[in-house]
Structures are given as structure tokens and as C-alpha cells.
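Worksheet for the structure shown next.
Just so you know, all these numbers are worked out from the coordinates, no wet-lab data involved. Fair warning: this is a prediction, and the values are worked out from it, not measured in the lab. A quick note on method: Cβ atoms are made from the backbone with ideal geometry, for glycine too, and the neighbour counts reach across all protein chains shown.
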């Protein structure tokens, strides 16, 4: 009898430990940092498929989007931030908030799907944004762009989604060099960052003029010809303008980067990306 009682107490202590650990992890993820693994190539070459980073949630304060999303497909669990903190959605305010800046690399909730996206902030409220012949204009002034050579990667499937890169040098064989034009773009506030270009596309390289409304922001991917971002309307499957309350946090530093299908495959980790700053 005593042995059974001891076993039951042991199970209770184990359950309590697990619950406490989950609570602590949930609080840490909600208030401080959220892990994020780059699934696509829309932010190359700033962020590569397989980069693992922590998103700084303290950078812009807190909103409903600060609450975590939990997805475990194996058991059918798909809980969004709305499910935990939906009561705060619609207030369009942030607690302890500070202003995102042009050039920041930001994680936000997609305004329609609620999924986490990561892009570069290009337009702040009141800005007029347009792309003409692949060149970015902010408030009717073209940003400065300098040639920076090329970005080269092997042609082949990348990451768990088996994404295939788009090459400026046309169709190449498996394992051959896939080349993109690389430039350095300077935003009006002086922030410099790398962008990639493959070809001119009617939808992405020649857009209408977008005037960013109050309490919203305009985002673009650094891989300009392979990014679903604010240049594409929400009604057409794009991002459109992103509300202030949908912002999760700022990407500051890459912890490590996996060139394989899994971040646990440590033998595929890229040696040059440990603790690399996101610029």
C-alpha cells in the first residue's frame, strides 16, 4: 500500500514539474523571445532557409500577437494567438510599445491567415511606396542602390519544404551554380541592406503607388522576385498593409543555421552563421 502511495505521489510530482516547465516556457516565449526557423527563401541573402533565430518581443512592446501559437500537426493541435489573447485583438495598441523603424527585419502575423511571416519594414504610416522597373521609390524618391556582385548557391531542393531556388542565369542542372544579382539598398533613414534580383516581373517590379495608412506598415522581402509581401494585395493572396497590433517582434540575431532538412541535423550547420547579426 505504501509503495502504491509513493508511486502515485511520484507521478503527481512529475506532472507538476512538466506543468510548471510549460508555464515558464510559455511566459518566456510570450514576454521575451520567440524561436523562429526560416522556412522559405524570401529574405535571402539576409536570411537563408534553415536559419534559426530568436525574435525579440520586447523591441516593440506587446499586443495580442505576442501570445504564442502552438501547432502540433501529429495530434491535430493548431492554436493561434487569437485563441489565447483574442480578447485584446482590435485595440490597435501596444503595451510598452515603441516604433518599428525602416529597415528592421520584423516577424508579424499575416493579416488574413494568422501565420507568422518575416520581412523587412519598408514603409511607415504616411509613406508612399512604389516599385518601378525593380527600383524602390519611397515618397516619390528612388532609394540609392549599389551593385554588390552576385549571390551564388547550389541549385537543388532546400529545407524541409524542398524549395527550389530561382536563378538569374536560367535553367541549370542539379548542383550547378544558381546565380542572382546582388545589390546594396539604402533606405531614407540610412539603413543599408542586401537585396537580390532575378528578373523583372510585372506584378512585383512594377506596382501601383501604396500609401501606408495610420497604424500600419509596408513590408518587402529582400529576395525581391521571390517574396509574397505587401506589394501583393490580401485579396490576391498577398500580405498587404500590416497593422501595428499584428507585429510580433524584431529579428536581431541568427543563433545557428542548418543547410539540411532538419535543424537537428548538426552536421549540416553552416559554420559562418553562428550568432550572426541580422542586418
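Determine the gain in length on full extension of the stretch residue 33-residue 264; use 0.36 nm per residue of separation and subtract their C-alpha separation, reporting nm with one decimal. Show your work: numbers first, answer last.
Working: separation 231, 0.36 × 231 = 83.16 nm, distance 2.00 nm.
Fully extending the segment from residue 33 to residue 264 adds 81.2 nm.
Counted by neighbouring Cβ atoms within 10 Å, the residues 264, 136 run from fewest to most as 264, 136. Label-to-label distance for residue 211 and residue 112 is 2.4 nm, based on points extended 7 Å past Cα in the beta-carbon direction.
With 22 Å as the cut-off, how large is the P(r) tail for the stretch 155-232, expressed as percent of Cα-Cα pairs?
Values: 1093 of 3003 pairs.
So the portion of pairs separated by more than 22 Å is 36 percent.
Ordered by the count of other Cβ atoms within 10 Å of each Cβ, fewest first, 195, 129 give 129, 195. For the pair the stretch 245-275 / the stretch 196-212, the C-alpha centres are spaced 28 Å from each other. If you plug the beta carbon distance of residue 272 and residue 192 into 1/(1 + (r/R0)^6) with R0 = 25 Å, you get a FRET efficiency near 0.80.
On full extension, the segment bounded by residue 152 and residue 232 gains 26.1 nm, given 0.36 nm per residue less the C-alpha separation.
Most tightly packed first, judged by the mean number of other beta-carbon atoms within 10 Å of their residues, the peptides 51-60, 229-238 read 51-60, 229-238. Looking at the stretch 32-277, the pairs of alpha carbons with a distance over 23 Å make up 51% of the total.
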